[in-house]
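One structure is given below, encoded as structure tokens.
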Amino acid sequence: MMKSGNIYLLLTTLVLFLSGCDKESKLSPTENLGLVDMFSPDENADPRVKAMYNDYGVWVRTHFNSIDELTNAILAQDAFVAIRGAENLEEEKIPEVLNYSEALLSNVSKEYANAFFPLEFFYVKQYGSLYWIYPVQALGRSRLILMWPNTTEGAIPVTDPVNHYYQDSVLASSVWRKLGSMIVARMEEPLKEFAAGGKAYDKGEAYEKLGDEYDKDEEAWKEENPDADDEDEDEVNSRPYVIKYRNAVAELCRNGGYITGGSSRSFEGDFSEWLRLLVMESYENIKKDYLDNSKSRALKYEIIIKYFKEYGWDIQAAGNKYRTEFDKYKASLPEED
């Protein structure tokens, strides 16, 4: 009798719960959470913005009214998060970033971008600095914020907006590394076959050990050579402790199937470096520099190429194109004196 009463109570509660749920005509954020009700470009948006959103699932944004539209890309618990100095993109720069976004996305399959890319490319003139008290984690399926124009060391001025993606390799390399991390955050699990193709990730233990040995060797060498000139780059690169370190890192990468020593830390770093390399470099150069001298890298290459092709993305074709366009640009520059 007690069991039947409990079942009746449960059914009654369920009916009351369902009858109390109102259907919404569209999804909208709960008011008390303070989320911004903006999920896609409106009907009056630039046709190019709407086309990129419809094709690739990426909303290219160039203006914010509230700082919340930028900071709600951050997920934090019990943390004090702040941003300062954020400035909107200058109006005359908008065509440039649309050209850049179109060029980048044209190198990705629509299927892959819709499945794994961030929802937004948000361009700003200045982002300022972000600081926190407790650890903050970026949401994988959120936004990539880019300051425009690129002012980091080695950046190329925007003189040809249509082809700038293929000219500023510093910016493209940085963007693809960031995208790699955001893509991994969207994966249900790491690519097991890819990860198993080389040595297991060790959170950087082996790589950091090589760095510690480098520091000791450098200190010992300088004690024996107190008058050495550290300003001469060629001279520094020829020192025995530098050569020893570079050879050791190269061996770590060959054995582990990594592109860089830092890639040994985690799948995220490994995948991001492979992604960046494949989408920006020709097969000829990849084969010569990475595959011919490492069975692990050759195996990982085949696995990751197959993975992207499952989403209709011939990423190596994109890399071949990037190298061709970049070399063409470099050849057009005046020779340095």
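TYR100: net charge of surrounding residues, Cβ under 15 Å, Lys/Arg +1, Asp/Glu -1, itself excluded? Neighbourhood net charge equals -4.
Where the only charges are on Cβ atoms (+1 Lys, Arg; -1 Asp, Glu), what is the dipole of segment 192-332 about its Cα centre, to the nearest 20 debye? Numbers along the way, then the final one.
Values: 23 positive and 33 negative charges, 285 e Å.
Value, rounded to 20: 1380 debye.
Give the dimensionless ratio obtained when the Cα radius of gyration of segment 266-337 is divided by 2.2 N^0.38 Å. Write down the numbers at each step before the final one.
On the way: Rg = 14.1 Å, N = 72, 2.2 N^0.38 = 11.2 Å.
In units of the 2.2 N^0.38 Å rule of thumb, it is 1.26.
In loop segments of segment 284-319 as defined by DSSP, there are no chymotrypsin sites (Phe, Trp or Tyr not before Pro) with at most 10 further C-beta atoms inside 10 Å of their C-beta. Shape summary of segment 197-337, radius of gyration then Dmax from alpha carbon positions: 18.5, 58 Å.
Rg ratio for segment 167-242: its Cα radius of gyration over 2.2 N^0.38 Å, N being its residue count, equals 1.69.
Dividing the Cα radius of gyration of segment 165-210 by its Kirkwood radius returns 1.09 for Rg/Rh. In order along segment 280-297, phi translates into HN-Hα couplings of 10, 10, 6, 4, 4, 6, 4, 4, 5, 8, 10, 8, 5, 10, 8, 5, 5, 5 Hz, rounded to whole numbers, per the Karplus curve 6.51 cos²θ - 1.76 cosθ + 1.60 with θ = phi - 60° and x for Gly and Pro. Counting only heavy atoms of the protein chains and using a 1.4 Å probe, GLU219 has close to 110 Å² of accessible surface. Taken along the Cα-to-beta-carbon direction at a fixed 7 Å, the label points for LYS330 and GLU87 span 3.3 nm.
The values are calculated or read from the model by the stated rules, or taken from the named source; none is laboratory data. This structure is a prediction, so every number in the text was calculated from the model and none was measured. Backbone-built Cβ (ideal geometry, glycine too); neighbour counts: all protein chains shown. Surface accessibility is based on the protein's heavy atoms, side chains included, excluding ligands, DNA and RNA. Shrake-Rupley method; radii C 1.70, N 1.55, O 1.52, S 1.80 Å.
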